[in-house]
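The values are calculated or read from the model by the stated rules, or taken from the named source; none is laboratory data. What you see is a predicted model; the values in this text were computed from it and never measured. Please note: Cβ atoms are built from the backbone with ideal geometry, for glycine as well, and neighbour counts cover all protein chains shown. Quick note on the areas: whole protein, heavy atoms, side chains included, nothing else; ligands and nucleic acids left out. Shrake-Rupley method; radii C 1.70, N 1.55, O 1.52, S 1.80 Å.
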Amino acid sequence: MLLPGVSVLARKVSEVRTVAEKRLHATVARAAHRADAALPADLVATLVTPEGARYSELERLRRPPTRTTGTAFARSLERVDEIGAFQLGRVRLSQVPPNRLAALARYGLGSKAASLERAEEPKRTAMLTAVMRHLEAKAIDEALDLFQVLMATRLISTAKRATEKERLSTLPQLEKASRTLARAAKVLFEELELVETHGADLDTAALWAAVEEVAPREAVMSAAALVVSLVPEDEGSADVAMRAALTTRYNTVRPFLALLGESKALEAATACWPGCGGCPRWRGGG
């Protein structure tokens, strides 16, 4: 039996891979055209660099937010809406294996706009469709990640620092009152031990006199009241104080909440599929 040589086999495999890639490009481009005849042209238009701009619209859309500011968050939500305007969810690609579509998206994301613009049809439309489907899910995740960071830095961390600062400000008073109570308690216990040891009757006046040698009665009572007020018996007092501090910071984050409510970032992204490799929700197992 004669077997083909390595070079012949490599050439045959390459030919089959080329045919499969062309079939993939044709299938994706045809699905995009079937969803909307104007969609391929709209996707190609993102490769054009607007007048006065430094890079194309596609390059701008695939750049994630780099700052953790309210302006950057608003911009990230605008990016979600701009990408969502292409409505890539209407492109039916259930017959295309997810890993092939993910590989096509990675190839398109790694190519410059000029290279994509020079690509022949239907390869160009197929790559742009895969890229936009990928960006549709990724832009939502990046906007929500930025929102989480803003909530942590502008709301939670600030409220936590305010709570800790307030508790630290009462620490000197608590330490002074605790020292007074500790000295009074030591004398009190010593006197009670003497009474118990000798079996004598408890003399309240003598007991108070011994305590007052350490601190006046009024000072001991005031120290006890102060400790009770600063160290409540409720174990959830820290959480209560934290929630109270959060309410005072609500106006700071209210604009972010309004922007998020008006955006499409909370909608389900049809562009995300298991194993796409680029979506944080699947990388995290969500």
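So which residues in segment 139-153 are touching a residue at least 60 places away in the same chain (Cβ under 8 Å) and farther than 12 Å from Leu77 by Cα? Can you show your working first?
Step one: of segment 139-153, the residues touching a residue at least 60 places away in the same chain (Cβ under 8 Å) are 139-147, 149-151, 153.
Answer for segment 139-153, where residues must be touching a residue at least 60 places away in the same chain (Cβ under 8 Å) and farther than 12 Å from Leu77 by Cα: Val149, Leu150, Met151, Thr153.
Looking only at residues in segment 43-68 that are out of contact with any helix residue (DSSP H, G or I) (no Cβ under 8 Å at 6 or more places or on another chain) and at negative phi, which one is most open to solvent (accessible area, probe 1.4 Å)? Spell out how you get there, then give the answer.
Step one: list which residues in segment 43-68 are out of contact with any helix residue (DSSP H, G or I) (no Cβ under 8 Å at 6 or more places or on another chain), which gives 51-52, 54, 60, 63, 67.
Applying the additional criterion that residues be at negative phi yields 51, 54, 60, 63, 67.
Details: Glu51: 189, Arg54: 216, Arg60: 61, Arg63: 111, Arg67: 169 Å².
Filtering segment 43-68 for residues that are out of contact with any helix residue (DSSP H, G or I) (no Cβ under 8 Å at 6 or more places or on another chain) and at negative phi, the one most open to solvent (accessible area, probe 1.4 Å) comes out as Arg54.
Hey, can you tell me all the residues within segment 104-127 that are farther than 20 Å from Arg54 by Cα and more than 28 Å from the chain's Cα centre (by Cα)? Spell out the reasoning first.
Residues of segment 104-127 that are farther than 20 Å from Arg54 by Cα, as a first pass: 104-107, 119-127.
Listed by number, the residues that qualify are Ala119, Glu120, Glu121, Pro122, Lys123, Arg124, Thr125, Ala126, Met127.
What pairs come out if I take residues in segment 25-51 that are in contact (Cβ under 8 Å) with a residue 40 or more places away in the chain and pair them with residues that are basic (Lys, Arg) whose C-beta lies under 6 Å away, six or more apart or interchain?
Pairs that qualify, where the first residue is in contact (Cβ under 8 Å) with a residue 40 or more places away in the chain and the partner is basic (Lys, Arg), are His25/Lys123; Ala31/Arg92; Ala35/Arg90.
Filter segment 13-34 down to residues that are open to solvent by less than 70 Å² (accessible area, probe 1.4 Å) and out of contact with any Ser or Thr (no Cβ under 7 Å at 6 or more places or on another chain) and give me whichever is farthest from Pro98 (Cα to Cα). Can you show your working first?
Taking segment 13-34 and keeping what is open to solvent by less than 70 Å² (accessible area, probe 1.4 Å), we get 14, 18, 20, 24-29, 31-32.
If we keep only those that are out of contact with any Ser or Thr (no Cβ under 7 Å at 6 or more places or on another chain) too, we end up with 14, 18, 20, 24-27, 31.
On the way: Ser14: 22, Thr18: 19, Ala20: 15, Leu24: 12, His25: 14, Ala26: 16, Thr27: 13, Ala31: 15 Å.
The residue in question is Ser14.
Being acidic (Asp, Glu) and over 23 Å from Arg92 (Cβ atoms) is the requirement here; does Glu21 meet it?
Numbers: acidic (Asp, Glu): yes; over 23 Å from Arg92 (Cβ atoms): no.
For Glu21, the condition - acidic (Asp, Glu) and over 23 Å from Arg92 (Cβ atoms) - is not met.
Read through the list (1) at pLDDT below 90; (2) under 30 Å from the mean Cα position of the chain (by Cα); (3) not polar (S, T, N, Q); (4) not in a helix (DSSP H, G or I), then give the number of the only condition that Phe86 fails.
Of the numbered conditions (1) at pLDDT below 90; (2) under 30 Å from the mean Cα position of the chain (by Cα); (3) not polar (S, T, N, Q); (4) not in a helix (DSSP H, G or I), the odd one out for Phe86 is (1).
Output the residues belonging to segment 43-81 that are under 30 Å from Ala31 (Cα atoms) and outside any helix (DSSP H, G or I). If you could, list the steps in order and put the result at the bottom.
Of all residues in segment 43-81, those under 30 Å from Ala31 (Cα atoms) come to 43-50, 55-64, 76-81.
Residues satisfying the conditions are Thr46, Leu47, Val48, Thr49, Pro50, Tyr55, Ser56, Arg62, Arg63, Pro64.
Anything in segment 13-42 that is in a loop (DSSP other than H, G, I, E, B) and touching a helix residue (DSSP H, G or I) at 6+ places or on another chain (Cβ under 9 Å)? List them, or say none. Before the answer, list the steps.
Here is the first cut: in segment 13-42, the ones in a loop (DSSP other than H, G, I, E, B) are 36-38.
Matches in segment 13-42: Asp36 only.
Only one of (1) without any contact (Cβ under 8 Å) to a residue 24 or more places away in the chain; (2) under 23 Å from Val228 (Cβ atoms) is not met by Ala200, so which one is it?
(2)
Can you tell me which condition Ala74 does not meet? The list is (1) under 28 Å from Leu260 (Cβ atoms); (2) open to solvent by 50 Å² or more (accessible area, probe 1.4 Å); (3) among the small types (Gly, Ala, Ser), and all the others hold.
(2)
Filter segment 1-12 for residues that are open to solvent by less than 80 Å² (accessible area, probe 1.4 Å) and either of a type in the set (Val, Ile, Thr) or touching a Cys at 6+ places or on another chain (Cβ under 6 Å) (or both) and give the result.
The one that is open to solvent by less than 80 Å² (accessible area, probe 1.4 Å) and either of a type in the set (Val, Ile, Thr) or touching a Cys at 6+ places or on another chain (Cβ under 6 Å) (or both): Val8.
Looking at segment 83-93, can you tell me whether even one residue there is free of Cβ contacts under 8 Å to residues at least 60 places away in the same chain and under 18 Å from Ala20 (Cβ atoms)?
Taking segment 83-93 first, the residues free of Cβ contacts under 8 Å to residues at least 60 places away in the same chain are 83, 85-87, 90.
Remaining after also requiring under 18 Å from Ala20 (Cβ atoms): none.
Checked against the condition, which is being free of Cβ contacts under 8 Å to residues at least 60 places away in the same chain and under 18 Å from Ala20 (Cβ atoms), segment 83-93 yields no hits at all.
What is the residue count in segment 100-113 for residues that are in contact (Cβ under 8 Å) with a residue 12 or more places away in the chain and open to solvent by less than 50 Å² (accessible area, probe 1.4 Å)?
7
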